[in-house]
Every structure is written in C-alpha cells, then in structure tokens.
Amino acid sequence: MILALRYKELYSGGGGGNDSVPFEIDGYLTQIDTGVIDADYMNSRFEKFLKSLKTGDSAQVQATLDELHKSFASLTQQEQKYASIFLHDVQSGNVEVTPDKTLRDYITEYQFTAKDGEIQKLVLLLGLDETKLRAMMNTGVTEANINEYGRFDTLKGSVDASKAKAYFEGLEGKSLPPFRVNIKAHQLLQEFIIKGGFEL
C-alpha cells in the first residue's frame, strides 16, 4: 500500500500529459486502492505512544514515536505534516486527547483548521468577500474555468483596494501604482484558489 501510494505520487504530478506509468511494473500495483489506509494499525501505534508519555520514560517515548512515524508512510505528504504538528502539540501538552477520537480524526481537524486559517488571513489582507472565496474554492475550479459566469471577476471586485495596496507594498517595500496592485491581487487570488490555499 505504501509503495503504491508513493509510486502514484511520482507520476501523478507530471505535466507531460502522458497518463502511462513511467516504469513497467505489475499491473496490480497501480490498481491498489491507496485511499484505504490501515487506520487501525496507525491508531494502535498512537495509543501506545500516549501510554508511553504517561510513563515519563524518554527512551520509550522516542521508541514509540519512531514506530508511529513509520506508520505515517501511508499518509500523503500534507497529512504527514499535520500529523507531525499534532504529535508535537500532544508532547507539549497543548492539546488534550480524547478517547472518542482517532489519530485520523485529529489529522483531519488540523488540516481543516489550517485551511480555514489560510482563507481568513487572505480575506483579512485583501478585504475581499469571504463567502464568494469559499464558494469558489469548494467548486474545484481550474485555470481554464476559473472565470466561468464572471465569478472570478466578481470576487476580484470585492477586494478592498487600500488593504491590497498596503499588503503588496509591505511585501515589495516600495510604493506600487494601482494597476500593479491589481495584477498582483489577480495572480495571488488565482493561485490561492487553484491550489486550494497555502500559507501567506
């Protein structure tokens, strides 16, 4: 499962337009459903890690943490990132773990919270319409159809010109004419929507 997931990631990010696999391998490997993750195993390692935290034995904590990290190989890179952040918060005592939630539940929560934070930050920086932004991001738009029915133009029209000017001038460290601010706002919004958000 882990190898199949890594293999799919190798050629899914391509750009050459060729859907064929880069190396000739047994067909069943590319047909494995990598969306099904052994959550029970990962969760059992997580529970073992939590128990070791209570003992206070740093060597045991590190050993169980290493075991847990090995089970992360079946997660996507983004999921691994948030899993690691969550585990750091657990070790620091910044989050209280409840028995009714699995490790997967926490990873999903952390991803959602991070995505929500990225959206709110962009809304704050550019003063744009949050509802319109979220609606566009939830429809899975591409560069080709981003302005269908003029929805991208409508979203750009909700940008607060003074806030956008202050934000981009702060980044550039110099005064920018309005047309340059508009170009930068267009590029940032388009990239943010197509990529599904990112840290600003």
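In this structure, Ala59 qualifies as modelled with pLDDT under 90, open to solvent by 60 Å² or more (accessible area, probe 1.4 Å), of a type in the set (A, V, I, L, M) and not in a loop (DSSP other than H, G, I, E, B).
Check whether at least one residue in region 105-114 is at pLDDT below 90 and loosely packed, with under 12 Cβ neighbours inside 10 Å, and report yes or no. No, region 105-114 has no match at all.
Looking at Lys81, is it assigned to a loop (DSSP other than H, G, I, E, B), open to solvent by 60 Å² or more (accessible area, probe 1.4 Å) and either among the polar types (S, T, N, Q) or within 27 Å of Gly196 (Cα to Cα) (or both)? No; evaluated as a whole, the condition is false for this residue. Just one of the listed residues (Ala185, Ala164) is in contact (Cβ under 8 Å) with a residue 40 or more places away in the chain, in contact with a helix residue (DSSP H, G or I) (Cβ under 6 Å, 6 or more places away or on another chain) and either over 30 Å from Phe86 (Cα atoms) or part of a helix (DSSP H, G or I) (or both), and it is Ala185. State which residue is modelled with the lowest pLDDT when the search covers only region 62-75 and only residues that are surrounded by 16 or more Cβ atoms within 10 Å (Cβ to Cβ) and assigned to a helix (DSSP H, G or I). So, considering only residues that are surrounded by 16 or more Cβ atoms within 10 Å (Cβ to Cβ) and assigned to a helix (DSSP H, G or I), the one modelled with the lowest pLDDT is Ser74. For first residues located in region 86-103 and in a loop (DSSP other than H, G, I, E, B) and surrounded by 15 or more Cβ atoms within 10 Å (Cβ to Cβ), partners that are at pLDDT below 85 and of a type in the set (Gly, Ala, Ser) and lie 6+ apart or on another chain with Cβ distances below 8 Å form the pairs Thr102/Ala39.
The values are calculated or read from the model by the stated rules, or taken from the named source; none is laboratory data. Just so it is clear, the structure is predicted and the values come from calculations on it, not from any experiment. We place every Cβ from the backbone using ideal geometry, glycine too, and count neighbours over all the protein chains shown. To get the accessible areas, we keep the full protein, side chains included, count just its heavy atoms, and leave off ligands, DNA and RNA. Shrake-Rupley method; radii C 1.70, N 1.55, O 1.52, S 1.80 Å.
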